Structures are given as C-alpha cells and as structure tokens.
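Note sheet for the following structure.
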Amino acid sequence: MTRNLMHKNLFILLILLVFSACDPNQVYESNVEINDYSWYKDSVIKFEVDIQDTINPHNIYLNVRNTSRYKMQNLFLFINTTAPSGFAISDTFECYLADERGKWTGSGWGDIYDNQFIYKKNIRFPVSGIYTFEYIQAMRTDKLEYISDIGLRIEKVEIQ
C-alpha cells in the first residue's frame, strides 16, 4: 500500500469516528473531494443546506484540506450564498494555509493538512429553507493543484 493511500485510509477512518461522535451544535457538515487534487477555475463546488432555525446565531466554517505539494501560502475563494427567497450575496474569502515561513497551518499527518476557517460568525438566518453555498477557486490559475477537499460546516453558537 502506498504512503498516500495509507494516509487517505487513516483519514477516512478518523472522519468516520468523528462523524459517529455526538456534536449537538452541528447543523450541517459536508466535504467534497477534489478529483485528482486539481480544482479547475470553472468547477463550482455546491452545498445545499436546509436551515430551519431562524432564532439562534450560527457560525459558518470553510474546511480546506491540502497536500504539502500545494505551492502557495494562501487560497482565495469566491463564495456565493443564495437564500431560499432568492436573495444572493457574493464574497471573496482568503484562507492562509501556511505562515510567512512556509509552515503549514492546521492539523495534519504526513503530507495532508486540514484547516477550518471561520467564514461568518454569529449570524442569524433570516428565513428557513434551502440555502445554497457555492465555492469557486479564485487563484488566477485554470488548474489549482494539491487542494484535496473543500467543505462547509454550520453550527449553532452556544449561548452562555
């Protein structure tokens, strides 16, 4: 078994263990694997989330998994969010995957690194229904290499 395949299998096992754990604040979490670690500029990653809670505040996170072969320090994304009413907003979001010395951020094993970035904090969804989140890589390259997965997590904020 190759080293990369072994790391991927260990990661999948860890994800299964994490998903089997109870997380009462989690509203939604999904990660999409990027085929061949190549994210093309015209490839849109889409998440559709059924939000029913319009009372409690939520945090929205962006999950990024990259390999150590990723050639840049950061990752720029266009994020388009559409509410059930059809109202849409677009953002440009920057993720720092390495510090100024080139040390990878996040947690990792071998050559795979996981990061979770806060995208929106303490927001209240105005209406219930299906919200669509679309991610497009904005790195000025037709083929962005060595990003292996992109994900979305929404959780309720614990009120203390």
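A short reminder: the numbers here are calculations on the coordinates, not readings from a lab. It should be emphasised that the depicted structure is a prediction, and the values quoted were computed from it without experimental measurement. We place every Cβ from the backbone using ideal geometry, glycine too, and count neighbours over all the protein chains shown.
Return a yes/no flag: does the stretch 70-77 have any residue that is within 18 Å of F125 (Cβ to Cβ) and surrounded by 18 or more Cβ atoms within 10 Å (Cβ to Cβ). Full working, then the answer.
Taking the stretch 70-77 first, the residues within 18 Å of F125 (Cβ to Cβ) are none.
The answer is no; no qualifying residue exists.
Taken over the stretch 97-125, the criterion of being exposed (fewer than 14 other Cβ atoms within 10 Å of the Cβ) and either farther than 26 Å from Q52 by Cα or touching a Leu at 6+ places or on another chain (Cβ under 7 Å) (or both) is satisfied by D99, E100, R101, G102, K103, S107, W109. Checked against the criterion of being more than 19 Å from the chain's Cα centre (by Cα), at negative phi and hydrophobic (A, V, I, L, M, F, W, C), the candidates V64, V127 yield just one match: V127. Within the stretch 95-142, being more than 30 Å from A83 (Cβ to Cβ) and basic (K, R) holds for R101, K103.
Please state which one of I89, I34, I79 is of a type in the set (A, V, I, L, M) and out of contact with any Asp or Glu (no Cβ under 9 Å at 6 or more places or on another chain).
Values: I34 fails: out of contact with any Asp or Glu (no Cβ under 9 Å at 6 or more places or on another chain); I79 fails: out of contact with any Asp or Glu (no Cβ under 9 Å at 6 or more places or on another chain).
Unique residue meeting the criteria: I89.
Within the stretch 51-109, the residues that satisfy the criterion of being farther than 22 Å from N35 by Cβ and among the basic types (K, R) are R101, K103. Scanning the stretch 132-149 for residues that are of a type in the set (A, V, I, L, M) and part of a loop (DSSP other than H, G, I, E, B) yields A138, M139. Among the candidates I55, I89, I51, single out the residue that is surrounded by fewer than 15 Cβ atoms within 10 Å (Cβ to Cβ), touching a residue at least 24 places away in the same chain (Cβ under 8 Å) and over 13 Å from I150 (Cα atoms). Within the list I55, I89, I51, the selection yields I55.
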